[in-house]
Amino acid sequence: MEATETAVTTSADSELITSLPSSFRWGVATASYQIEGAVTEDGRSPSIWDTFSRVPGAIDNGDNGDVACDHYHRMPADVELIRQLDVDTYRFSVAWPRIQPHGRGPVNEAGMAFYDRLVDELLAKGIDPWLTLYHWDLPQELEDAGGWPERDTAFRFADYSMLVFDRLKDRVRHWTTLNEPWCSAMHGYVHGIMAPGRRDLGAGAAAVHHLLLGHGLAMQRMREAAPEGTDFGITLNMGTADPETDSDADRDAARRADGMGVRIYTDTLINGHYPEDVVEDLAAQGVRIPVQDGDLATISSPLDFLGVNYYFGQQYSGAGEGPDVEDKAVPFGRPVTAMGWEILPEKFTELLVRLSKDYPGLPMYITENGSAFEDVPDESGYVNDSDRTGYLSSHIAAVAAARQAGADVRGYFAWSLLDNFEWAYGYAKRFGLIRVDYETQERTIKRSGLWYRDTIRQVRNS
Ligand code: IFM
């Protein structure tokens, strides 16, 4: 640490972090549309994000992913940066419209070649590829045909997954079907703040079901063709939901938030049924989940791991009943990140311990955790981000605390490798361990990145 830099890790956190086993998996994560750019190259067709980012007012500052971090052209140099962070795993996603332009038909060789090269480059540098098949870039034609609320999209997803799997299964050992289906379904089809920007609860509930069905169909087909030692999972974004007070209304609000945010996914994927209370809440709003015979068995095909993305927890206050219910998230009054998300590492521990109790026997990996802050680079581009470093430290310690309380968490992947296109916030919000100067595309490892590297080394050698 340089003399001018303040300490960011408490001794309690440091003790927890160094209690992690030397076998613990360490990674960094990204997603295709957020970093790749090159949206018209090598046969890629438009995704729902290309379309949505053209809607006036949809994205802050009118930003889009046309260039992003230009990773498509800078991939080998970016892999070298990953190596310099000394992580053992790189979690990335594949862009469906590069592999299967327009969402149907045979593989697009030029698009596939990019991921083929990426995987080889990673392996050559001793980094394990952790592949996500869907991080929100649905081919626009499939949205035009109804999108995720349409059952056929699940079958299209399984076909696309097999194109990628057949090509990379000889080198990729960890496969994640979906990233954060909650965001795809709720932000995309109910709240209208992410692509495709629709606002319809019925469409959202159908999207949840068809995303989960697509996951199950893809996983079953991939597993049949998988070499030994291949692991399959899904990544869910989850938080905690506390009632603001002990009143029935607040406790009911917290139950509803947990039902729609966590259990609608975990119960269905792991136990093979939608939670009864969620089904009833939806019915009270005139919405039915379009389950067909056999779907639940497909959705609950055994998982090898659960990917957990954690950013914050919330508390809720509730009012009203049935279709008039009005739940509100109420702040705890704690410091926030640049996203306005409260910094609550103890809720991270709570979430992981709860998951391990409710769904025992399923190994977990933290597939995302991180923070945006208002970075101020010096003249060389270096960012002394003690805020982000402190966030990382307290949250990795929270994972270690969860392990000590019995949660089977086997790895941690920081979000994100690079500053990137933060969806509706455009480039204004920076989550990277590495700064990107979007004018020059220059990359500079931030203090948080150096701290992460040193911490990994320390744990590995302890
Ligand atoms: O940038 C996103 C990522 O794409 C999905 N999980 C949350 C991150 C921060 O908002």
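For the range 88-118, which residues satisfy the criterion of being of a type in the set (A, V, I, L, M) and either surrounded by fewer than 22 Cβ atoms within 10 Å (Cβ to Cβ) or modelled with pLDDT under 95 (or both)? Don't jump to the end; show me each part of the working.
First, the residues of the range 88-118 that are of a type in the set (A, V, I, L, M): 94-95, 99, 107, 110, 112-113, 118.
Scanning the range 88-118 gives 107, 110, 112, 113.
Restricted to the range 297-318, and to residues that are open to solvent by 50 Å² or more (accessible area, probe 1.4 Å) and away from the ligand (no atom under 16 Å from the Cβ), which residue is farthest from residue 238 (Cα to Cα)? Steps first, answer last, please.
Of the residues in the range 297-318, the ones open to solvent by 50 Å² or more (accessible area, probe 1.4 Å) are 297, 302, 312, 314.
Now restrict to residues that are away from the ligand (no atom under 16 Å from the Cβ): 297, 302.
Working: 297: 23, 302: 20 Å.
For the range 297-318, the residue satisfying everything is 297.
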Which residues, taken from the range 439-450, are without any contact (Cβ under 8 Å) to a residue 60 or more places away in the chain and within 16 Å of the ligand (Cβ to nearest atom)?
none
Matching residues in the range 404-427 (within 16 Å of the ligand (Cβ to nearest atom), under 18 Å from residue 27 (Cα atoms) and not charged (D, E, K, R)) number 8
Single residue of 430, 457 found to be away from the ligand (no atom under 16 Å from the Cβ) and open to solvent by 10 Å² or more (accessible area, probe 1.4 Å)
457
In the range 123-151, what residues are touching a residue at least 40 places away in the same chain (Cβ under 8 Å) and out of contact with any Ser or Thr (no Cβ under 9 Å at 6 or more places or on another chain)?
123, 125, 126, 149, 150, 151
Selection status of residue 38, in a loop (DSSP other than H, G, I, E, B), out of contact with any strand residue (DSSP E or B) (no Cβ under 6 Å at 6 or more places or on another chain) and farther than 25 Å from residue 160 by Cβ
no
Matching option when the condition is open to solvent by 40 Å² or more (accessible area, probe 1.4 Å), touching a Phe, Trp or Tyr at 6+ places or on another chain (Cβ under 7 Å), over 28 Å from residue 415 (Cβ atoms) and charged (D, E, K, R), among 200, 250:
200
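Restricting attention to the range 433-448, report how many residues are part of a loop (DSSP other than H, G, I, E, B) and either under 16 Å from residue 61 (Cβ atoms) or open to solvent by 10 Å² or more (accessible area, probe 1.4 Å) (or both). Don't jump to the end; show me each part of the working.
Taking the range 433-448 first, the residues part of a loop (DSSP other than H, G, I, E, B) are 433, 438-441, 446.
Add one more test, that the residue is either under 16 Å from residue 61 (Cβ atoms) or open to solvent by 10 Å² or more (accessible area, probe 1.4 Å) (or both), and what stays is 438-441.
The total comes to 4.
Could you say whether any residue in the range 144-165 is within 16 Å of the ligand (Cβ to nearest atom) and not in a helix (DSSP H, G or I)? Steps first, answer last, please.
Our first condition is that a residue be within 16 Å of the ligand (Cβ to nearest atom); within the range 144-165, this holds for none.
No.
Would it be correct to say that residue 402 is out of contact with any strand residue (DSSP E or B) (no Cβ under 9 Å at 6 or more places or on another chain) and part of a helix (DSSP H, G or I)?
Details: out of contact with any strand residue (DSSP E or B) (no Cβ under 9 Å at 6 or more places or on another chain): no; part of a helix (DSSP H, G or I): yes.
Against the criterion (out of contact with any strand residue (DSSP E or B) (no Cβ under 9 Å at 6 or more places or on another chain) and part of a helix (DSSP H, G or I)), residue 402 does not qualify.
So, of the residues in the range 338-367 that are among the aromatic types (Phe, Trp, Tyr) and either within 16 Å of the ligand (Cβ to nearest atom) or open to solvent by 30 Å² or more (accessible area, probe 1.4 Å) (or both), which turns out to be nearest to the chain's Cα centre (by Cα)?
At the first step, the residues of the range 338-367 found to be among the aromatic types (Phe, Trp, Tyr) are 341, 348, 359, 365.
Those still in the list that are either within 16 Å of the ligand (Cβ to nearest atom) or open to solvent by 30 Å² or more (accessible area, probe 1.4 Å) (or both) too: 341, 348, 365.
Numbers: 341: 16, 348: 15, 365: 11 Å.
This residue is 365.
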Is there a residue in the range 29-39 that is crowded, with 18+ Cβ neighbours inside 10 Å, away from the ligand (no atom under 16 Å from the Cβ) and in contact (Cβ under 8 Å) with a residue 60 or more places away in the chain?
no
Residues satisfying the stated conditions in the range 218-233, i.e. open to solvent by 30 Å² or more (accessible area, probe 1.4 Å), part of a helix (DSSP H, G or I) and not basic (Lys, Arg):
220, 224
Within the range 213-260, count every residue that is away from the ligand (no atom under 16 Å from the Cβ), closer than 26 Å to residue 349 by Cβ, touching a strand residue (DSSP E or B) at 6+ places or on another chain (Cβ under 7 Å) and of a type in the set (A, V, I, L, M).
4
Of the conditions (1) in contact with a helix residue (DSSP H, G or I) (Cβ under 7 Å, 6 or more places away or on another chain); (2) in a loop (DSSP other than H, G, I, E, B), residue 105 satisfies every one except a single condition; which number is it?
(1)
Could you check the range 179-192 and list, in sequence order, the residues that are open to solvent by 30 Å² or more (accessible area, probe 1.4 Å), outside any helix (DSSP H, G or I) and either within 13 Å of residue 265 (Cα to Cα) or within 12 Å of the ligand (Cβ to nearest atom) (or both)?
none
Which ones in the range 371-399 are assigned to a loop (DSSP other than H, G, I, E, B), in contact (Cβ under 8 Å) with a residue 40 or more places away in the chain and either surrounded by 24 or more Cβ atoms within 10 Å (Cβ to Cβ) or more than 16 Å from the ligand (Cβ to nearest atom) (or both)?
371, 372, 380, 381, 382, 384, 385
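The values are calculated or read from the model by the stated rules, or taken from the named source; none is laboratory data. The structure presented is a predicted model; accordingly, all values stated were derived computationally and were not measured. Positions of Cβ are backbone-derived with ideal geometry, glycine not excepted, and every protein chain shown enters the neighbour counts. Quick note on the areas: whole protein, heavy atoms, side chains included, nothing else; ligands and nucleic acids left out. Shrake-Rupley method; radii C 1.70, N 1.55, O 1.52, S 1.80 Å.
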